[in-house]
Amino acid sequence: MRDSLWAVDRLSTFVGKLFAWTVVLLTLLITWEVFSRYALNKPHALVLDMQIMLYGTLFMTAGAYTLSKNGHVRGDVLYGFFRPRTQASIDLVLYILFFLPGVVALTWAGWHYAQESLAIREQTFSADALPLYPFKFVIPVAGGVLLLQGLVEIARCVICLRSGSWPPREGDVEEVDVDKLKEMVHVSDEDVEAAARQGAANGGRA
């Protein structure tokens, strides 16, 4: 089971990291356009459309990657203090009630949306028109990968409900190396948990 979960995680990670290169393309494109506009006095009407499409692609394809790393924003003021089974119960209900209907609708509607765009060979509304239908096919592709990753997260919730602990995830690059930071300040996981319990107790007395 773990290998199956990690296989989907790797797919989401691959897609996310592949399309992360659009950041480089965006940087080069914007730099070139600023130079062309202000140094050469030659702006290009198509650049704004290209920027929007690249940013939209980056935003949509990052969803499954972020979900695979449990990195989406969560209001965990209370959630972090719940036991794993309670967390899994909450997540499972939210996935079934909100995530699945929303992402299925996104993928289904996005597929028809992209097909209609392809049928009419839709273009952008600018002096230098760009084909729009390739970009619109990103919607169902990103939705499909996100849906697959969501099913894996539901499976993780079920495993946690049965075992009482969350199944492990593969590691990935972090902005801060938490383990090394703990070593530098001589703090262990037990110290962090004790501080959290103490904070909760102080909050309860307040």
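Here, each number is a calculation from the coordinates, and none is a lab measurement. Not measured: the values here are computed from a predicted model. A quick note on method: Cβ atoms are made from the backbone with ideal geometry, for glycine too, and the neighbour counts reach across all protein chains shown.
With q set to 0.11 Å⁻¹, the log10 of I(q)/I(0) for segment 2-169, from the Debye formula over equal scatterers at the Cα positions, is -0.59. With neighbours defined as other Cβ atoms within 10 Å of a residue's Cβ, the residues 61, 13, 66 order from fewest to most as 66, 13, 61. Working note: Karplus 6.51/-1.76/1.60 with θ = phi - 60° gives segment 64-80 the couplings 5, 4, 5, 5, 5, 9, 6, x, 5, 5, 9, x, 9, 4, 9, 3, x Hz, where Gly and Pro are set to x.
Arrange 3, 128 by Cβ neighbour counts within 10 Å, fewest through most, would you? Could you put the intermediate results ahead of the total?
Details: 3 6, 128 12.
Ranking 3, 128 by Cβ neighbours within 10 Å, fewest first, gives 3, 128.
Residues within the reach of a label modelled at residue 161 (point 7 angstrom out along Cα to beta-carbon, backbone nitrogen below 19 Å), restricted to segment 1-37, are 1-2, 5. Taking amide H as placed 1.01 Å from N in the peptide plane, residue 123 has its amide H under 5 Å from the amide H of 132, each at least 5 places away in sequence or on another chain. Once the Cα-Cα distance is subtracted from the 0.36 nm per residue extended length, the residue 78 to residue 123 segment shows a gain of 11.4 nm. The trypsin sites (Lys or Arg not before Pro) of segment 1-96 that meet both conditions, a loop assignment by DSSP and at most 16 other Cβ atoms within 10 Å of the site Cβ, are 74.
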